[in-house]
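The structure appears below as structure tokens.
The values are calculated or read from the model by the stated rules, or taken from the named source; none is laboratory data. Note that the coordinates shown come from a computational prediction; the quantities given were computed from them, not determined experimentally. FYI the Cβ positions are ideal-geometry reconstructions off the backbone, even for glycines, and counts take in every protein chain you see. Side chains are part of the model used for accessible areas, which takes the heavy atoms of the whole protein and leaves out ligands, DNA and RNA. Shrake-Rupley method; radii C 1.70, N 1.55, O 1.52, S 1.80 Å.
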Amino acid sequence: MPKITPMAEKKVSAGAFEIWYKAEQLVAQGQDIIRLEIGEPDVPTPNHIVEAAEKAIRAGRTGYVSSAGTPGLRKAIADYLTRTRNVTANADNVVIAPGVKGALYAAVMTTVPAGGEILVPDPGYPMYQSIMAYADGTAIPYPLQAENRFQPDPAAIESLITPKTAAILINSPGNPTGTLIEPQVMEQIAAIAVKHDLWVLSDEVYAQIYFGDQFPVSPVAYPGMAQRTIVLDGCSKAYNMTGWRVGFGLYPDALVEPVIQLAVHTHSCLPPFVMDAAEEAFNGPQDCVAEMRTLYKERAAVVCDKLATVPQISAIRPDGAFYVMVDVSGIAGKDDRKAAEIVLNGGVALLPGSGMGKQSEGMFRISLTQPAEVINEAVDRMIKALTD
């Protein structure tokens, strides 16, 4: 047999998909499973976005286009970022990617050298560590403590910086925590990046899903940050477009051409009719986003209010995104994977916290991606499975 490369031997976590596969098997066997393990919105893509794609297809928008993205979409995104990030964004700095993962991979490949390190949140999205592994780098976790509502500790972040550190990755609102980084904390992280001359990779894919009055702050707006921050965002979460695979990065001047060249030699371009639909998402009516914000906030309240009355199980009320972290260590100890199996056999698929990092061992992540009455039933099943 021919040899495989070291890349093919890399072992990286499949994250939520491990539970997803098990749940799929049980559903195929006819079992009633409430699916709350994947960040997949249950509401379809808004009609005006779908209609824009249909119109584009019928107009023949099905060929190759620029690897950077269509001019219309790049401008629409630059306008959106200017409106929401307290920064003047230039369309020339926007590069479209196949999902936020694609934009993040391009960011890592152009900022972190082989053998380099990037500081990532713990708990955090498992793909951060996976992408670093494939890029021949190392992800160094910085702790987010539940007792501090998962706010980053700037001092803890700075203590992990070494000569190999190339970047700090932040995620606000966070997956799995739902935490918004507070402005004073973000300002300190920005100051650390400037002090140590580091890149900041800011995953803001949940930015439009926030439960307070203010849009989440972005590090790109702080002094000295415009040319060291990469803003990563997309259409999947706010516009219910997960399968459309539209992500993007706002890259500093020095990275734009390298990122475009990476796109040229990997995926070539996104389909133009998909980008036309994304352009409509940003330029068209935004009431669909406001409705989803309200829906997720109400669903989070269902979980948190119900568990507030249950001894030994607690929920950390989120600031945004569409997840709730539930601490079951009072019943299950730190073995959340075994507890997740018990709950799965009780009819609910949840993500074990240990799949997101050491700091979330003994916890579950509940995705708020079912109607409130279904989520209420899921919480009842979870409680019964863990306490019977």
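Observations
- Conditions (1) surrounded by fewer than 24 Cβ atoms within 10 Å (Cβ to Cβ); (2) under 24 Å from GLU373 (Cα atoms); (3) in contact with a strand residue (DSSP E or B) (Cβ under 8 Å, 6 or more places away or on another chain): number failed by GLU341: (3)
- Answer residue from the range 184-224, given it is of a type in the set (Phe, Trp, Tyr) and not in a loop (DSSP other than H, G, I, E, B) and is nearest to the chain's Cα centre (by Cα) among those: TYR210
- Residue that is surrounded by the most Cβ atoms within 10 Å (Cβ to Cβ), among those in the range 79-96 that are closer than 24 Å to ASN240 by Cα and either free of Cβ contacts under 8 Å to residues at least 60 places away in the same chain or among the acidic types (Asp, Glu) (or both): ALA91
- Helices (runs of 4 or more DSSP H) wholly inside the range 279-353 containing at least 1 residues that are hydroxyl-bearing (Ser, Thr, Tyr) and out of contact with any helix residue (DSSP H, G or I) (no Cβ under 6 Å at 6 or more places or on another chain): 287-307, 329-332
- The listed residue being open to solvent by less than 20 Å² (accessible area, probe 1.4 Å) and within 17 Å of the chain's Cα centre (by Cα), out of GLY99, GLY116, GLY69: GLY99
- Filtering the range 21-67 to residues that are within 18 Å of GLU280 (Cβ to Cβ) and assigned to a loop (DSSP other than H, G, I, E, B) leaves PRO41, VAL43, PRO44, THR45, PRO46, ALA59, GLY60, ARG61, THR62, VAL65.
- Taking first residues from the range 25-51 that are in contact (Cβ under 8 Å) with a residue 12 or more places away in the chain and partners that are exposed (fewer than 13 other Cβ atoms within 10 Å of the Cβ), the Cβ contacts under 7 Å between residues at least 6 apart in sequence or on separate chains come to HIS48/PRO285.
- Any chance LYS11 is basic (Lys, Arg), at pLDDT 85 or above and either assigned to a helix (DSSP H, G or I) or open to solvent by 90 Å² or more (accessible area, probe 1.4 Å) (or both): no
- Pick from the range 308-332, criterion open to solvent by less than 50 Å² (accessible area, probe 1.4 Å) and more than 18 Å from GLY178 (Cβ to Cβ), ranking: nearest to the chain's Cα centre (by Cα): SER329
- Looking across ASP388, ASP335, ASP380, ASP305, one residue alone is farther than 25 Å from VAL120 by Cβ, modelled with pLDDT under 95 and surrounded by fewer than 24 Cβ atoms within 10 Å (Cβ to Cβ). It is ASP388.
- You will find that of PRO152, PRO173, PRO163, the residue that is more than 21 Å from LYS101 (Cβ to Cβ) and buried (at least 24 other Cβ atoms within 10 Å of the Cβ) is PRO152 and no other.
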